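Contents: one structure, followed by commentary.
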Amino acid sequence: MFTKRVHFILIFFFLGVFSVLTAQNKFTISGTIKDNQTGETMIGATVRVVELKGVGAAANEYGFYSLTLPSGNYTLLVELIGYKPQTKQINLDKNIKIDISLVENTATLNEVIVSATKADDKITNAQAGIEKIDIKEINKIPVLMGERDILKAIQLIPGIKSAGEGNAGFYVRGGAADQNLILLDEAPVYNAAHLLGFFSTFNSDAVKDATIYKGGMPSQYGGRLSSVLDIKMKDGNNERLGVSGGIGIISAKLNVEGPIQKGKSSFLISGRRTYADALFKASGRGGAVSKGAQLFFYDLNMKANYIFNDKNRVFLSGYFGRDKLGLKDLFGINWGNTTGTVRWNHVINDKMFSNTSLIYSDYIYKINVNLSADEITIASSIQDWTLKQEFQYFANPNNSLRFGFNSTYHTVTPGQIEVSKTSLIVPPKLQDRFSFENAVFLSNTWKATEKLNIIYGLRLSSFSILGKGDFYGLDSNHNVADTSSYSSGEFVKTYFNIEPRLSANYQLNSNSSIKTSYARNTQNMHLIANSISSSPTDKWVPSSKIIKPEISDQVSLGYFRNFLENKFEFSVEGYYKWMQNQIDYKDGADANKSVAVETELLFGEGRAYGVEFLFKKKYGKFTGWVGYTLSRTEKQIDGINKGEWYVAKQDKTHDLSIVGIYEISKRWTLSATWIYNTGNAVTFPSGKYNVANNTVFYYTERNGYRMPSNHRMDVSGTFKLKERKRFSSEVAISIYNVYARENAYVITFQQDPNDASKTQAVQTSLFRMVPSISYNFKF
């Protein structure tokens with residue numbers, strides 16, 4: 001039955017592609033759309049033909065557009081939110097190239113807008129489960145200690161839930177935190193957290209565009225089950241030098257951009273560093289201990305690009321970030337990400353665009369512990385090298401093809417332990433793991449009728465496990481039964497998967513539409529974590545002979561409607577997700593003491609389902625939204641809870657977010673957020689017994705309890721100081737957790753010191769009321 005379905009999908013797919021390639025076309029208008037003042041390319045700017053209803057094109061992620069029409073005289077209307085519409089009269093009697101520079105609309109600069117897309121995009125866009133994040137909007141939302149944060153902002157969107165107080169991780173439609181693919185200029189970021197999760201690695205001053213796909217993601221994306229967060233850095237101003245920055249109670253940042261050769265090349269350097277450790281020392285609190293304490297992070301974004309000619313442009317971008325947490329010579333942990341991307345944009349012809357990327361990503365953590373007799377070091381890393389080739393073929397106004405391939409070589413060092421030469425400790429010898437991940441993809445955006453738009457695609461993926469190393473087979477009790485050794489570069493096992501994708505939008509009328517989607521995804525890099533809150537020391541492992549690729553199938557159906565000339569937006573979207581080869585620890589597992597981590601794991605299936613509601617006011621002095629998600633996430637794994645379905649730790653039944661932004665005047669803007677969500681599922685002790693006068697707790701039901709519900713209100717105000725020629729500045733004041741709610745970060749159990757027969761539950765909370773102030777400038 002499955003084979004028949006695959007054959008049907010393939011026949012349908014290639015018939016559609018054949019109809020695209022055999023379509024009769026006339027002449028083509030193409031070019032690049034950019035900002036008139038900075039030279040930044042304009043992602044998603046639309047080019048519409050006034051004389052032909054519903055005919056147009058959108059600029060791709062590099063600002064390139066292409067539109068093929070019969071010969072004739074036309075009026076082109078170019079639009080993008082926040083910019084003045086521009087019209088161009090053309091006589092189309094041959095292929096022509098028209099580059100367009102858009103001018104910022106100063107008449108709307110003071111009007112709050114909570115959308116980075118065109119007014120009716122939710123109604124007309126064929127892509128389901130997509131959310132564009134407006135960077136200007138992020139800067140107005142109140143945050144912890146004044147640090148504007150993309151990851152915190154997206155957690156206010158329905159279907160995306162926070163992993164917990166003081167945690168940068170997030171869950172999308174029931175998926176675990178490791179099931180989100182996070183890309184920075186195409187490079188994967190394995191741990192997007194600073195200061196143990198209080199902040200994210202992304203400096204919003206360096207970010208140009210951010211898009212998250214919650215379901216039905218296009219076929220060019222793969223490798224994760226639940227979502228894709230695609231973040232693109234600014235290219236840098238190629239017209240004039242600009243400097244911006246800010247200083248707050250915990251960090252300072254500086255952003256410098258400008259032309260290397262005016263109009264032809266540019267650079268961007270953006271740096272940020274916290275000084276929490278310096279403030280701690282200056283305060284004198286902690287005595288002598290504080291003098292040896294380390295608690296800070298820093299990051300650096302860099303980018304440069306060069307336009308060789310109308311057809312070729314090269315980009316070089318990189319990110320480097322590190323966290324350090326320690327206490328004198330006794331204890332220390334540092335972790336961080338390094339990414340680099342070399343990208344070549346090439347316009348092959350008026351209809352075809354090529355992007356070639358060489359990508360590097362490295363995530364590493366290192367722990368040092370000095371005991372009286374031993375010095376212990378634990379180090380782990382993930383290093384990726386990726387080659388990606390992608391083509392876009394703009395066949396005609398009704399069809400746009402995207403196809404290509406990507407290949408990634410993974411090297412995983414899984415928590416190597418080293419001890420001093422004099423130590424009596426004999427650490428387990430963990431082996432590096434090597435793998436080769438490949439995929440080819442093809443998709444088409446098809447305007448089937450005036451009301452029906454479809455995106456259909458296919459992704460063929462493979463994951464090859466490579467030597468050098470020992471690989472294990474397990475018996476029925478999950479103990480090592482046999483060991484096979486492989487030499488360097490030898491193929492151990494290869495998994496193949498077919499991943500069809502489909503997303504469709506049927507427009508009921510000019511104000512409403514229905515969307516549906518289906519997507520199959522596979523995942524071969526797995527995060528093994530056994531706690532509620534994520535940690536930089538959580539272990540990543542690749543698929544092996546025992547750990548099979550995770551597979552998900554997700555379907556969704558939604559209704560979208562706009563009101564009052566697109567000022568208001570309402571949507572309701574339901575989803576159901578089946579998941580295979582889900583991973584969880586067996587009872588009493590200790591992965592850090594086992595050479596073969598597979599012996600500590602159990603495997604089964606999962607399911608997630610829910611419904612998301614969103615009501616948004618997009619324009620005017622008062623804007624904002626209300627988002628609510630009702631959902632359930634469960635697993636069924638033999639060996640856990642007697643093989644019955646149990647809730648996953650990321651399950652949160654109710655999740656509510658309310659965001660309000662009010663522009664009092666041209667200089668004053670107030671904003672507030674209020675969130676409420678059900679507590680995570682958690683395993684608490686079911687009983688206790690006494691051993692040698694020590695209380696030992698025992699556990700029975702996995703995830704059978706709940707953390708307390710979480711709710712909080714944050715408020716902020718932004719005051720624009722008097723502007724001078726080419727210089728502007730503002731003061732931002734915020735209060736995090738304004739009514740001092742003590743939300744639970746962790747709950748532990750201990751023997752009551754006053755009554756040995758009783759047990760205490762001790763709640764630890766991170767933040768009560770936290771005020772902050774920051775000063776930001778730009779010139």
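The values are calculated or read from the model by the stated rules, or taken from the named source; none is laboratory data. Please read these numbers as outputs of a predicted model, since none were measured by experiment. Backbone-built Cβ (ideal geometry, glycine too); neighbour counts: all protein chains shown. Note: areas computed on protein heavy atoms with side chains; ligands, DNA, RNA excluded. Shrake-Rupley method; radii C 1.70, N 1.55, O 1.52, S 1.80 Å.
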Exercise for the section: Collect the residues in the range 553-576 that are under 12 Å from Glu612 (Cβ atoms) and not hydroxyl-bearing (Ser, Thr, Tyr), keeping them in residue-number order. Expected result: Leu557, Gly558, Phe560, Phe570, Val572, Glu573, Gly574
Handout entry: Single residue of the range 583-603 satisfying the filter (at pLDDT 80 or above and among the β-branched types (Val, Ile, Thr)) that is nearest to Tyr646 (Cα to Cα)
Key = Ile583
Exercise for the section: Output the number of residues of the range 535-547 satisfying the condition of being crowded, with 17+ Cβ neighbours inside 10 Å, among the basic types (Lys, Arg) and at pLDDT 90 or above. Expected result: 0
Practice task
State whether one or more residues within the range 462-482 are among the aromatic types (Phe, Trp, Tyr) and open to solvent by 60 Å² or more (accessible area, probe 1.4 Å).
Solution key: no
Fill in the blank from the handout: Residue set Ser443, Ser435; condition open to solvent by less than 30 Å² (accessible area, probe 1.4 Å), touching a Pro at 6+ places or on another chain (Cβ under 7 Å) and under 21 Å from Asn398 (Cα atoms); output residue Ser443
Exercise for the section: Considering only the range 308-332, state which residues are among the β-branched types (Val, Ile, Thr) and farther than 26 Å from Ser204 by Cβ. Expected result: none
Practice task
Give the range 756-779 a look and list any residue that's open to solvent by 50 Å² or more (accessible area, probe 1.4 Å), modelled with pLDDT under 85 and not in a strand (DSSP E or B), or say none.
Solution key: Ala756, Ser757, Lys758, Leu766, Arg768
Practice task
Being assigned to a strand (DSSP E or B) and exposed (fewer than 13 other Cβ atoms within 10 Å of the Cβ) is the filter; apply it to the range 729-752 and report the residue that is nearest to the chain's Cα centre (by Cα).
Solution key: Thr748
Handout entry: Members of the range 75-91 that are modelled with pLDDT under 90 and either open to solvent by less than 20 Å² (accessible area, probe 1.4 Å) or at positive phi (or both)
Key = Gly82
Completion exercise
Scanning the range 498-511 for residues that are surrounded by fewer than 18 Cβ atoms within 10 Å (Cβ to Cβ) and within 32 Å of the chain's Cα centre (by Cα), the one modelled with the lowest pLDDT turns out to be Ser510
Practice task
Please verify whether the range 556-564 includes one or more residues that are open to solvent by 50 Å² or more (accessible area, probe 1.4 Å), among the hydrophobic types (A, V, I, L, M, F, W, C) and either on the phi > 0 side of the Ramachandran plot or modelled with pLDDT under 95 (or both).
Solution key: yes
Fill in the blank from the handout: Here the residues within the range 224-249 that are open to solvent by less than 10 Å² (accessible area, probe 1.4 Å) and in a loop (DSSP other than H, G, I, E, B) are Leu225, Ser226, Asp235, Gly236, Asn238
Fill in the blank from the handout: For the range 356-390 the number of residues that are open to solvent by 20 Å² or more (accessible area, probe 1.4 Å) and under 16 Å from Val314 (Cα atoms) is 5
Exercise for the section: Hey, could you check the range 261-281 for residues that are at pLDDT 95 or above and aliphatic (A, V, I, L, M) and say which is most open to solvent (accessible area, probe 1.4 Å)? Expected result: Ile269
Fill in the blank from the handout: Note: among Ile465, Ile514, just one is touching a Lys or Arg at 6+ places or on another chain (Cβ under 7 Å) and either hydrophobic (A, V, I, L, M, F, W, C) or farther than 23 Å from Glu550 by Cβ (or both), namely Ile465
Problem - Listing of strands (runs of 3 or more DSSP E) fully contained in the range 624-728 that carry 1 or more residues being in contact with a Lys or Arg (Cβ under 7 Å, 6 or more places away or on another chain) and surrounded by 14 or more Cβ atoms within 10 Å (Cβ to Cβ) - result: 654-663, 668-677, 694-698, 710-720
Problem - Only listed residue being in a loop (DSSP other than H, G, I, E, B) and either out of contact with any Gly (no Cβ under 6 Å at 6 or more places or on another chain) or buried (at least 23 other Cβ atoms within 10 Å of the Cβ) (or both), chosen from Ala153, Ala126 - result: Ala126
Fill in the blank from the handout: Looking across the range 354-382 at residues that are touching a Pro at 6+ places or on another chain (Cβ under 7 Å) and either in a loop (DSSP other than H, G, I, E, B) or at pLDDT below 95 (or both), the single one that is nearest to Gly415 (Cα to Cα) is Ser380
Exercise for the section: Could you tell me which numbered condition Asn479 fails, if it satisfies all but one of (1) out of contact with any Pro (no Cβ under 7 Å at 6 or more places or on another chain); (2) of a type outside the set (Lys, Arg); (3) at pLDDT 95 or above? Expected result: (3)
Exercise for the section: Please state which of the following conditions Leu601 fails to meet, knowing it meets all the rest: (1) under 26 Å from the mean Cα position of the chain (by Cα); (2) among the aliphatic types (A, V, I, L, M); (3) farther than 30 Å from Ser512 by Cα. Expected result: (1)
Completion exercise
Sole miss for Ser219 among (1) touching an Asp or Glu at 6+ places or on another chain (Cβ under 8 Å); (2) in a strand (DSSP E or B) is condition (2)
Exercise for the section: For Ala176, indicate whether it is at pLDDT 80 or above, small (Gly, Ala, Ser) and touching a Lys or Arg at 6+ places or on another chain (Cβ under 9 Å). Expected result: yes
Practice task
Would you please list the contacts, defined by Cβ atoms under 7 Å and residues six or more apart or on different chains, that run from a residue in the range 202-216 that is more than 22 Å from Gly610 (Cα to Cα) and open to solvent by 10 Å² or more (accessible area, probe 1.4 Å) to a residue that is modelled with pLDDT of 90 or more and in a strand (DSSP E or B)?
Solution key: Asp205/Ser244; Asp205/Lys253; Asp205/Asn255; Asp205/Ser270; Lys208/Lys232; Lys208/Met233; Asp209/Lys232
Practice task
State whether the residues of the range 170-185 include one that is of a type in the set (Lys, Arg) and crowded, with 22+ Cβ neighbours inside 10 Å.
Solution key: yes
Fill in the blank from the handout: Inside the range 250-269, the number of residues satisfying the requirement of being out of contact with any Ser or Thr (no Cβ under 9 Å at 6 or more places or on another chain) and either under 22 Å from Lys132 (Cβ atoms) or not in a strand (DSSP E or B) (or both) is 3
